[in-house]
Every structure is written in structure tokens, then in C-alpha cells.
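J.: Dropping the structure in here first, questions after.
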Amino acid sequence: MMEINKWFNHLTKNFVSIYPLVVFRIFFGIILFTSTLRFILKGWVYDLYLKPTYFFTYKGFDWISPVGENFIYGAFALLLVFSLLITLGLFYRISAVMFFLVFTYIELIDKTNYLNHYYFISLMSFIMIFLPANKFLSIDNLLGITKEKRFIEAWKINIIKLQVGVVYFFAGIAKLNYHWLIEAQPLSNWLKHQSDFPLFGNLFLNDYAAYIFSWSGALFDLLIFFILINRRYRIYGYLLVVLFHILTSIMFPIGVFPLVMIFTTLIFFSDEFHEKLLSFINKNKFLKKYQNEIINSKKEKNLLIKLLLTVFFILQLILPLRFLLYPGKLFWTEQGYRFSWRVMLIEKAGYAQFFIHEPRMNRKMLIENQNYLTPQQEKMMATQPDMILQFAHFLSSEFKDSTINESNGEIIYLGENPKITAKVKVSLFNKGSKDFINSNVNLSNIKRGLKHKEWILKYED
């Protein structure tokens, strides 16, 4: 027990250099700024948040919407401002809070746009709110807004390492499935399209290449955190991080996530390493050892913050495992799939047709999805049951109390809660299209929620 307490105190209560946290603040802020600017310049603000007329909101966050063009562009402008302020360490605490709120607000507008690295940025920006990353080499120091500090409690560094470890480890756990390890899917399909890759392209046409990538990827995710925390093997682990993420970024369109992880994992290196980085940034030898500060430093009484962050990480350990509560094949039903660090694990395509029924004779009319959804929204919706259900509810409300005038003069009344059914075909790992949901179920009568969706048909290989 004493050894456990000693180990725990070493990781949480001991005072360590603030340098790694300061380096992280600077690089994290730069990445936030450049990725936001890239997002704006590529026109994605319009394509994803202004062009759509309907948005797939998250349950409990249906009140979130883009509001208007000026509002949404203003939100992205604020992200640029706050990320720059975080980098410079100016009004840091307010900037960190506001960046988290604005970024998470944008992320919650439409689940069509969900990506693991957006989720990661939300989590990390939340953590940064509670860390004193402006206590050194910041404009807040120069203006006297906060006092300079060169040593902080170890948990304020290790919490970032823990967050990185959660991402990698659960990404590795997610790869321990039949499709990834035994069938080498989806890489077996994807790599064949990389035959023009420099030097190694022809090798990707062979099945063994997919197995090498699949097994190597699983081992990398499972072990890299433990390699990085080992002082002896850290440099080799980091080289693997750089190689792995550069290779995946070249081969697959996964945005800035590789760059985020390459710079984030620098936090694992020693104080001396970060001292050299800060010396280079500041161009002078301002870093000195202040042992007296360790002796005079007092442990801050922030029990509420520690409790909040403890709950925060407990939730992160639970969320990736919630799929175990649902029956059926996870990759088919996708119940418990999001927020679980399942990165590039499935190849799935679908086609969904929705029908509105008139109440008297149960005749049905096909709905044109493109009248309400963008191509990207329609593509994502067709394979995800919660989005199918949500769109069906929208259609029911859209046609509520409507009438249809037939060419023969007949007037059809649709009623207060029009019946909506859907015929959905989905292909998993390019193995042929299969019926995805029960086409006879009235989706408008089914409540949204976390309950198992019994109307999803069983997957048959």
C-alpha cells in the first residue's frame, strides 16, 4: 500500500517543471489556429453549416443550431482569436473557456460532421481550462495578470498524457475484432487503391500488406502509450508516432489529426527537452533552475477541479465500452460507436428511401431526400440508425396536417402524425447490399433515445 501511495503521489502531487505544459500550450494553440483557418479557407463553413437546411442534432442538444450566416462565421472568427490568445498566453483562462464552448457548440450542430479528432480537441480544450499553462512565457506574465511559476503539481502535466493514452489504448482495443485482424478489413479494400503510392505502391496490391498494416496498427495503438512513458524507449516510440501518422495522413484523408498527435505526444519528453525548445522559441537563455520555488510552493486546494476531472475520465472509460450493452453486430448497428475512438475501422455504404403514408388506405409516397439533405448528410444518414430515425421524425413533422391533391381531384389528408417508413440497403466491407431495417415499421412512432433499436435487422454474413 505504501508503494502505491508513493507512486500515486509521484504522478500527482510532486512538483515538476512547467516547461512541458508551456510548450504544449504554444503548439496546441498554433494547431487550433491553423486548422480553423484551413477549415474557413476550404469553404467548409458554408458547405457544412450554411448550405444544409436540416441538421442532425445530438439527443439533448436539439436546441443547438447555426442561427445564421453572420453568427456562424462570427463563431469561426472567435475560434481564430481565442486560439491565438491561447498560443500567446493572453487572457488565457477566459480564452480557453471560450474556445472550448465555441468549438464544442460547432461540433454539436450536426452529427454528420463527427470526427474523432474534433472530439479529441473538445476534450483537450476542456482540460486546458484547468491547467496553469499561462504561468510562464506568456503575455499574461508580462502584463502582471498572473504570477510567473516554474513548477506545478505533476498531475497538471500527466493529465494530458493520460488523455493521449486513453485515445491510443481504446483505439487499439477497438481494432481487436474479427474484421480487422482476420480479414484485414477495411484496409484490404483501401490499400488496393493506393497502388500509385511512391516506392511501395505495388506491394499494396498484395493481401499480406493489408495484414501487416492491420496488425501493426493494432499493436501500435495498444503499446505506444507505454513506450512513450518509458524514458529508455521514448525516442523510438516518438519516431514510430511520427512515421505512423505521416504515413496515414499521406494515404488517407483524415485531416489534421496526425499533426495534432505528433505535436501532442511531445508532452512525454523530459523537462530538459522542453527547456531547449523554449530557449529556441525565446532566443535567449532565460531558463534557470529555481529549486527554492519547489520548497516554497504550496499545493493548491482544488478538490472540486480534481473531482470534476476524475468524473471526466471515468466517463471516458465508460463511453467506449457502452457498445457491450447492445445486442447485435456493432459495425452493423453502430449503437455505441461514436465517442469510442474507433478510427477508420469500417467501410460502409447505404441507400435509404423514405415513404410517407396516408392514414385511410395506407398508400405511400416516396420522399426525395435531396430536397432536405446535402449529399454528405444523405450518405452518412443512410448507414446510421439514429440518423435514419431522426430524419423520419423530421419528415413526419414536416408533413404534419398536410394535404396532397391528386390529379383525379382526390384530396389526401396526412393527419397530425404521418406514418413514415423506410427501405434501407447497406453494404458492410463491400460484401453486398443487405436490408438494414424493418421496412414495415412506422418510424414516426418510435422515440429517439439510447434504447436498443429493435427495428434494425440482424446482420447475416
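The values are calculated or read from the model by the stated rules, or taken from the named source; none is laboratory data. Computed from a predicted structure; not experimentally measured. Ideal geometry is used to build each Cβ from the backbone, glycine not excepted, and the neighbour counts take in all protein chains shown.
J.: From the list Asn417, Asn408, Asn440, which one is farther than 24 Å from Arg338 by Cα, in a loop (DSSP other than H, G, I, E, B) and touching a residue at least 24 places away in the same chain (Cβ under 8 Å)?
T.: Details: Asn408 fails: touching a residue at least 24 places away in the same chain (Cβ under 8 Å); Asn440 fails: touching a residue at least 24 places away in the same chain (Cβ under 8 Å).
Going through Asn417, Asn408, Asn440 in turn, the sole match is Asn417.
J.: Against the definition (assigned to a helix (DSSP H, G or I), under 20 Å from the mean Cα position of the chain (by Cα) and either in the same structural domain as Leu162 (by TED's automatic domain parsing) or in contact (Cβ under 8 Å) with a residue 24 or more places away in the chain (or both)), how does Val343 come out, yes or no? Spell out how you get there, then give the answer.
T.: Values: assigned to a helix (DSSP H, G or I): no; under 20 Å from the mean Cα position of the chain (by Cα): yes; either in the same structural domain as Leu162 (by TED's automatic domain parsing) or in contact (Cβ under 8 Å) with a residue 24 or more places away in the chain (or both): yes.
Taking the combined requirement at face value, the residue does not satisfy it.
J.: Within segment 1-34, restricting attention to residues that are hydroxyl-bearing (Ser, Thr, Tyr) and touching an Asp or Glu at 6+ places or on another chain (Cβ under 8 Å), which residue is surrounded by the fewest Cβ atoms within 10 Å (Cβ to Cβ)? First the steps, then the outcome.
T.: Filtering segment 1-34 down to residues hydroxyl-bearing (Ser, Thr, Tyr) leaves 12, 17, 19, 34.
Okay, now just the ones that are also touching an Asp or Glu at 6+ places or on another chain (Cβ under 8 Å), so 12, 17, 19.
Working: Thr12: 14, Ser17: 22, Tyr19: 25.
Across segment 1-34, the extreme among qualifying residues is Thr12.
J.: Here's another thing I want to ask about it. Of Leu80, Leu85, Leu48, which residue is surrounded by 14 or more Cβ atoms within 10 Å (Cβ to Cβ) and touching a residue at least 60 places away in the same chain (Cβ under 8 Å)? Before you say what the answer is, go through the steps one by one.
T.: Working: Leu80 fails: touching a residue at least 60 places away in the same chain (Cβ under 8 Å); Leu85 fails: touching a residue at least 60 places away in the same chain (Cβ under 8 Å).
Answer to the selection: Leu48.
J.: Which residue, of Tyr92, Tyr114, Tyr105, is touching a residue at least 40 places away in the same chain (Cβ under 8 Å), more than 30 Å from Tyr211 (Cα to Cα), surrounded by fewer than 20 Cβ atoms within 10 Å (Cβ to Cβ) and not small (Gly, Ala, Ser)? Don't jump to the end; show me each part of the working.
T.: Working: Tyr92 fails: surrounded by fewer than 20 Cβ atoms within 10 Å (Cβ to Cβ); Tyr114 fails: more than 30 Å from Tyr211 (Cα to Cα).
Answer to the check: Tyr105.
J.: Next question. Would you check if Lys135 is at pLDDT below 95 and surrounded by 19 or more Cβ atoms within 10 Å (Cβ to Cβ)? Give the derivation first.
T.: Values: at pLDDT below 95: yes; surrounded by 19 or more Cβ atoms within 10 Å (Cβ to Cβ): yes.
So Lys135 fits the description; yes.
J.: If I filter segment 443-461 down to residues being in contact with a helix residue (DSSP H, G or I) (Cβ under 7 Å, 6 or more places away or on another chain) and assigned to a loop (DSSP other than H, G, I, E, B), which single residue comes out as surrounded by the most Cβ atoms within 10 Å (Cβ to Cβ)?
T.: Here is the first cut: in segment 443-461, the ones in contact with a helix residue (DSSP H, G or I) (Cβ under 7 Å, 6 or more places away or on another chain) are 443-444, 446, 448, 453, 456, 459.
Among the residues that remain, those that are also assigned to a loop (DSSP other than H, G, I, E, B) are: 446, 448, 453, 459.
Working: Ile446: 16, Arg448: 14, Lys453: 21, Tyr459: 15.
Only one residue fits best here, namely Lys453.
J.: Glu148 fails exactly one of the following numbered conditions: (1) among the acidic types (Asp, Glu); (2) free of Cβ contacts under 8 Å to residues at least 40 places away in the same chain; (3) within 19 Å of Phe339 (Cα to Cα). What is the number of that condition?
T.: Among (1) among the acidic types (Asp, Glu); (2) free of Cβ contacts under 8 Å to residues at least 40 places away in the same chain; (3) within 19 Å of Phe339 (Cα to Cα), the lone unmet condition for Glu148 is (3).
Yes/no matrix, rows are residues, columns are (1) of a type in the set (Lys, Arg); (2) assigned to a loop (DSSP other than H, G, I, E, B); (3) not assigned by TED's automatic domain parsing to the domain that holds Leu317:
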| position | (1), (2), (3) |
| --- | --- |
| Leu142 | no, no, no |
| Lys147 | yes, yes, no |
| Pro198 | no, yes, no |
| Asn202 | no, no, no |
| Trp215 | no, no, no |
| Phe220 | no, no, no |
| Val241 | no, no, no |
| Phe244 | no, no, no |
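J.: Have a look at Ile160, Ile152 and point out the one that is touching a strand residue (DSSP E or B) at 6+ places or on another chain (Cβ under 9 Å), assigned by TED's automatic domain parsing to the domain that holds Lys306, hydrophobic (A, V, I, L, M, F, W, C) and outside any loop (DSSP other than H, G, I, E, B).
T.: Going through Ile160, Ile152 in turn, the sole match is Ile152.
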